[in-house]
Structures are given as structure tokens and as C-alpha cells.
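A.B. asks: Quick one: the structure is below, questions incoming.
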Amino acid sequence: MQLKPSPRAISLYYFGIFAVLGVYLPLFPSWLEGRGARGLAMGAIAATLPAMGLVAPPVFGLIADALGVRVWLIRAACAGALAVFALLALSSALGVSLGFGGLFAAALAFAFFRAPMFTMADVVALEASLTSGIAYGRLRLWGSISFALMAIASGALIDPARPAAFPVAITAALLVAFALSWALPAGAEAPLQRLGQRGAARGVEGAARAPAAGGSVRERARALLRSRDFRLFLAASFLAQSANSSYDLCYTLHLRDVGFPESLVGVAWAVGVAGEIALMAFSGPLLQRFAPPVALAVAFAGASLRWALLSYVRFWPALLALQPLHAVSFAMMWVASLAYTRDRAPPQILATAQGLFSASAGAGSVIGMLAWGELYKRGGGALTFGVASITAAIAFVLAVTFARSTRRSLSGSSIFSVGSRCQE
């Protein structure tokens, strides 16, 4: 009998992996600068994280569905990421200079293992919500809480100018995440046994049966990709995440340039995360009332409005007041996207479908990161967020298009609502 991960175990794992990002994202650029990686070199190294999001999620998704594994991939990914940063911490402590090549290789390896740590966690949370009756957002919000707490704590306690401080902190956080991954029971997952059974089937029953068994996941994935509504969903996700990346890259710069008090920049980011947490906490009733495509259309419209206002407003208290819109532009977009993916994809290819969504969003981030910096250089926040608003508006049009072609019955209520239960 397959053991189901408890909601508490999933929440703890989310808390652990987002603690890693809470240290990594704010401090990694400064640490790279201290290691001599500046300008284009820094950008190339930092871009490995979203760039690997194009490759790793679909690959690991296919592996997860083909072998019927989730938790073992999470554990393997945590172990790989831990090994990368343990070596980086050791080399930094010994004073070994890695140079651009070594830093790029380490960042690329971490980005590769980081992808399934998060993608597979979402798959496990979605599947567990069927039996636990607890909304996905209520599980995922612990990751947002962890990120906010660690971002504040790491900024106050970790000096990126010290060569070993940053990699040691990441290593410690990854060790905790790896330990927490063992609270997720693997149950009936047996990848080696599954491979052995597949090999035996080839020997006993002939080669004719093997392609059918092995091709099942691929054929289902191809059928999903051939559907017009899912292709529109991926395109809208690409555009929306591209627009969102303008916030990740340029928001702090924009606040600085319009005279926002420097001491309150961290507060502005925290207000946005607070809105994200609040929406995820109440995402169950929201997606019980509205079908995921409808919620996505609302999220993209809210994002377009947010970026338009951000391009126009200069009064800093008003800029601070806009931050709760992060709940719509990011949190609602994320939970509705996962609800749509879960409802639209057959259960046998859920990890593959989730990987395709993650790859589409990752591609949007990569393209956005390449574009927004140059746009900001040429026209500041007005041009950057104005174009981002138009981009999100196009995503809204696509969402309305596939919302009309998707049956209203494909709602997230059976997965995300608090009172849901799996019907056997």
C-alpha cells in the first residue's frame, strides 16, 4: 500500500526548500561580485537558474511519470544540490579560486538539481491534496513564509564579502531540506524494481509489449500538447512570467530611482510576500468558486494593471500601497496554473504536465531577464513596466480565449478546496 505524505510533512519540506532560496536569491549576486564575477559574467552565471528551468522540469517530469516516482527524485535532487554546495563551501574555506568556469559549472549543477526539488514538491502536494482535503495554497504558503524570514535573516547575519559564509549557509539550509525530504514517505515507489520489471517484460513477452508500456506516457503527453487550450495556457504562462520577471529584476532599481526611502525597500518586498501568503491561505474557497482558467484571466488582468500603475506612479506611499497586488499577479497566477494543470492532465502524466508548465514559465523568465535590463537602461521604470503591462495584457487575452473553450466543470474545487476528499 502506498503511503501518502502528510500535509505537515509537505509544509515542512516547502519551508526547508524555500529557506534555501531565501538565502540564495538575495545574496548570490553580491557573493559573485566578491569572487570577481561582474557584468556579463555575473549575468551568465545568475541566468543558469531560470535557464535550467527550461530543461530539467520536463526531463524529470517524464522520468517521474515513466517510473512512477516522486519522493525519490526529490531526495536525489536534494542530495545533488547539497553535494554541489558542500564542495563550493569547502573550496571557498580553503581559499581555492574557481574562476568563471568553476563558478558557472557550480551554478549550473545547482540549477539542474534545484528544478525537481520544487517541481516534484508541487506534484506531491497536488496529489496529496486529493486525500488530505487541504488546499494546495495552504501547503505552499509555508514556503513563502520561509523565504521572507530567511531573506530578512540572511541579509542581517551573512556577509557575502566573506568567501565561505554564503556557501556554508546554503549548505546548511540544503542539509535541512534533505533531512526534511525523508519525512515524505516514498510508499510504493520503487524505481529500480520498476526498471527490473520492465526488463523482464521485454525478455518474457517480447519486444512488442515494451514500446506500448514505455510509450504510454509519451503518447499521453503528445495528446495533451496537441490540445489547443493547453497550448494557449503554455503561451499565456510564458508571457505572464516574462512580464513578472520585470519585477524581479527592476523593482528595486525603480524604487531607488523614484526616491523611495532606502530603509523601506525591504518592507516593500515583505508587503508583497504578505499578500502572496494571504491569498494562498484562502486559495481553496477561491478556486472552489471560480474555474482555474477564469482565475488565471483575473490574475493576468491584475498583473497588467499592477505593471501599468507601477510605470506611472511616483509617490512612494502609493508605490507601497500597490504591493498587495502581488497576491493577484503572482500568487493567484501560480495556484490557478497548478489547478488547471492538475485538472487538465491525466493523472499518469501529472509530473510531465507540471514540467511543461514550469519550462514555459522558465522560458518567459529567461527572455524577460534578457530584455528588461536593456529596456530599463533606455527608458527606466516607465518604459520597462509599461511594456510589461502590455505583455501581461496579451496573456490575459489568451487566458480568456482558452477559458471560453474549457468546460466550467474543470474547476480546482476537487483538488484545492478545504473540504475535498478523493472518491474511490
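The values are calculated or read from the model by the stated rules, or taken from the named source; none is laboratory data. It should be emphasised that the depicted structure is a prediction, and the values quoted were computed from it without experimental measurement. All Cβ positions, glycine included, derive from the backbone under ideal geometry; neighbour counts span all protein chains shown. Remember, those area values only see protein heavy atoms, side chains included, never the ligands or the DNA or RNA. Shrake-Rupley method; radii C 1.70, N 1.55, O 1.52, S 1.80 Å.
A.B. asks: Find, to one decimal place in angstroms, the Kirkwood hydrodynamic radius of segment 212-301, where the mean of 1/r is taken over every pair of different Cα atoms and then inverted.
C.D. replies: On the way: mean 1/r = 0.0601 Å⁻¹.
Hydrodynamic radius (Kirkwood, Cα only) of segment 212-301 equals 16.6 Å.
A.B. asks: How long is the gain from Leu87 to Arg8 if the chain were fully straight, where each residue apart is worth 0.36 nm and the alpha carbon distance is subtracted? Mind dumping the intermediate values first?
C.D. replies: Details: separation 79, 0.36 × 79 = 28.44 nm, distance 3.14 nm.
Separation in residues times 0.36 nm, less the Cα-Cα distance, equals 25.3 nm.
A.B. asks: Evaluated at 10 °C with a viscosity of 1.306 mPa s, what Stokes-Einstein diffusion coefficient in µm²/s does segment 2-153 have when Rh comes from the Kirkwood expression over alpha-carbon pairs? Please report the intermediate quantities before stating the final value.
C.D. replies: Values: Rh = 16.6 Å.
For these conditions, the coefficient is 96 µm²/s.
A.B. asks: Specify the residue with the greatest mean-square fluctuation among Ser242, Ser30, Ser97, computed from a Gaussian network of the chain linking alpha-carbon atoms under 10 Å apart.
C.D. replies: Per the Cα network of the chain with a 10 Å cutoff, Ser97 tops the list.
A.B. asks: For the chain, what does the helix formula give at 222 nm: sum of -39500 (n - 2.57) over DSSP H segments with n ≥ 4, over the residue count, nearest 500 deg cm²/dmol? Mind showing how you got there, number by number?
C.D. replies: On the way: 18 runs with 335 residues, N = 424.
Dividing the helical sum by the residues of the chain leaves -27000 deg cm²/dmol.
A.B. asks: Carbon and sulfur: what percent of the chain's accessible surface (1.4 Å probe)? Before the final figure, lay out the partial values.
C.D. replies: On the way: 12320 of 18110 Å².
Carbon-and-sulfur percentage of accessible area, whole number: 68.
A.B. asks: May I pose another question? May I ask you to compute the full-extension gain from Val55 to Tyr312, defined as 0.36 nm times their residue separation minus their alpha-carbon distance, rounded to one decimal in nm? If you can, show how the numbers build up before the last one.
C.D. replies: Values: separation 257, 0.36 × 257 = 92.52 nm, distance 3.66 nm.
Between Val55 and Tyr312, full extension yields an extra 88.9 nm.
A.B. asks: Please work out the average accessible area per residue across the chain, using the 1.4 Å probe convention, and give it in Å². Working shown, then result.
C.D. replies: Values: 18110 Å² over 424 residues.
Computed with neighbouring chains in place, this is 43 Å² per residue.
A.B. asks: Once R0 is set to 22 Å, what does the formula 1/(1 + (r/R0)^6) return for the Cβ-Cβ distance between Ala183 and Leu149, expressed as a FRET efficiency to the nearest 0.05?
C.D. replies: Values: r = 20 Å, r/R0 = 0.90.
Result of the calculation: an efficiency of 0.65.
A.B. asks: Just to be sure I follow the definition: excluding the sites themselves, where is the longest run in the chain that has none of the trypsin sites (Lys or Arg not before Pro) in a DSSP loop with at most 16 other Cβ atoms within 10 Å? Walk me through the numbers on the way to the answer.
C.D. replies: Working: sites that count: Arg38, Arg314, Arg407, Arg408, Arg421.
Here the longest run is 39-313.
A.B. asks: With a point put 7 Å past each Cα toward its Cβ, work out how far Leu175 is from Arg404 in nm, to one decimal.
C.D. replies: Rounded to a tenth, the inter-label distance reads 5.8 nm.
A.B. asks: Another question, then. Suppose the chain between Asp159 and Ala105 were pulled fully straight at 0.36 nm per residue; how much longer would it get relative to their current alpha carbon spacing?
C.D. replies: Values: separation 54, 0.36 × 54 = 19.44 nm, distance 2.32 nm.
Residue separation times 0.36 nm, minus the Cα-Cα distance, leaves 17.1 nm.
A.B. asks: P(r) of segment 226-383 in 10 Å steps, Cα pairs, percent per bin?
C.D. replies: P(r) over segment 226-383, rounded to whole percents: 10, 37, 34, 15, 3, 0.
A.B. asks: Based on Cβ point charges of +1 for Lys and Arg and -1 for Asp and Glu, what charge dipole magnitude is obtained for the chain about its Cα centre, in debye rounded to the nearest 20? Walk me through the intermediate numbers first.
C.D. replies: Details: 32 positive and 16 negative charges, 184 e Å.
Charge dipole of the chain: 880 debye, to the nearest 20.
A.B. asks: While we're here: How far is it, in nm, from the label point at Ala281 to the one at Glu262 when both lie 7 Å from their Cα along the line to the Cβ?
C.D. replies: In this crude label model, Ala281 to Glu262 measures out at 3.4 nm.
A.B. asks: If you count only protein heavy atoms and use a 1.4 Å probe, how large is the accessible surface of Tyr24, to the nearest 10 Å²?
C.D. replies: Near enough 10 Å² of accessible area.
A.B. asks: How long are the semi-axes of the ellipsoid equivalent to the chain, from square roots of 5 times the Cα gyration tensor eigenvalues, in whole Å, largest first? Let's see the in-between values first.
C.D. replies: On the way: eigenvalues 226, 158, 80 Å².
Sorted largest first and rounded, they come to 34, 28, 20 Å.
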